[in-house]
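The values are calculated or read from the model by the stated rules, or taken from the named source; none is laboratory data. None of the values given here were measured: they were computed from a predicted structure. Cβ atoms come from the backbone with ideal geometry, glycine included; neighbour counts cover every protein chain shown.
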Amino acid sequence: MPETPAPAQPRRRPGTATTSAATTPAAAVTRREPAGMLHSWDLSTGVDGPGTRFVTFLSGCPLRCQYCHNPDTRYMRDGRRVPVDEVVREAAKYVDFIEVSGGGATVSGGEPLLQPVFTGELLHRFKHELGLHTALDTSGYLGSRATGALLADTDLVLLDIKSWDRSLHRRLTAREVGPTLAFARRLADLGKEVWVRFVLVPGLTDGTENVEGVAAFTASLGNVSRVDVLPFHRLGAEKWRALGLEFTLADTPVPTDGQTAAARAVFAAHGLHAV
């Protein structure tokens, strides 16, 4: 797989694409148009990158986060297999609306790096065919699967750092934090713009040492332009129940405005733009 993408092509409308199955990075692996397991797509503003964005949610995730608000994206088998063309055609309908807002396209999940070829193709075609700003929303746990070509087609990485405390991270997600931190350092070495996301859960992630650890690490990277301190919520609880899963944080309170502000202040003290 090439380490750099093909030169950018002029943006075209559906049916006149300049990208061919013989030249895209993903096609170099698959020898055919890639397809993947899609959960859904949506338009969002302000939460999945700058501006209004076409967000593609892929199915499948290796983490088991206790506060996950999309537990229905856990398994790839629960998604719908679609070709990349179908997703690109859908996104193309909204290009003018997206561009006015300074937005773009975000590939999210689940965990998009569980399907790196599909993700890479989406990012490549969103960027080079539709001319959109691109973002990858990931936990970083599978960051080693992100090729140089995939990252070259990514303008912004939305990176979730769940916890600095190793044992707490394992308890929260059933996985180690090490791969996420290694991916963060790799992105820093590349000078890739990153927004860090940190979910503030009272009684779990809000400990002083934990917040300070995430903040100090984030500040050490030098490529993080924004930190989103996201207050824990229970909006996904109904999905857990519908899936027959126990939502163990059902009795956990949402953080107060004061608690959220205090966490943001820790990041700001390290010179980071925290919102």
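Key figures for this structure:
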item: Which listed residue is modelled with pLDDT of 95 or more and farther than 29 Å from LEU151 by Cα, from VAL196, VAL211, VAL227, VAL201; result: VAL201
item: Only one of VAL201, VAL229, VAL117 that is under 18 Å from HIS273 (Cα atoms) and of a type in the set (Val, Ile, Thr); result: VAL229
item: Tally of residues being part of a helix (DSSP H, G or I) and over 19 Å from the mean Cα position of the chain (by Cα) across the stretch 190-214; result: 6
item: Hey, SER139 farther than 21 Å from VAL47 by Cβ, of a type in the set (S, T, N, Q) and within 18 Å of the chain's Cα centre (by Cα) or not; result: no
item: Check on LEU156, closer than 30 Å to ALA35 by Cα and in contact with a Phe, Trp or Tyr (Cβ under 9 Å, 6 or more places away or on another chain); result: yes
item: Per-region count, the stretch 145-202, residues of a type in the set (Gly, Ala, Ser), more than 18 Å from LEU122 (Cα to Cα) and surrounded by 15 or more Cβ atoms within 10 Å (Cβ to Cβ); result: 3
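Condition check ((1) on the phi > 0 side of the Ramachandran plot; (2) surrounded by fewer than 17 Cβ atoms within 10 Å (Cβ to Cβ); (3) free of Cβ contacts under 8 Å to residues at least 40 places away in the same chain) across all residues:
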site: LEU235; (1), (2), (3): no, yes, no
site: GLU238; (1), (2), (3): no, yes, yes
site: LEU249; (1), (2), (3): no, no, no
site: THR256; (1), (2), (3): no, yes, yes
site: ALA262; (1), (2), (3): no, yes, yes
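Rundown of residues vs (1) out of contact with any helix residue (DSSP H, G or I) (no Cβ under 6 Å at 6 or more places or on another chain); (2) of a type in the set (Val, Ile, Thr); (3) over 26 Å from PRO179 (Cβ atoms); (4) modelled with pLDDT of 95 or more, yes/no style:
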{"site": "VAL55", "(1), (2), (3), (4)": "yes, yes, no, yes"}
{"site": "CYS68", "(1), (2), (3), (4)": "yes, no, no, no"}
{"site": "THR73", "(1), (2), (3), (4)": "yes, yes, no, no"}
{"site": "LYS93", "(1), (2), (3), (4)": "yes, no, yes, yes"}
{"site": "THR134", "(1), (2), (3), (4)": "no, yes, no, yes"}
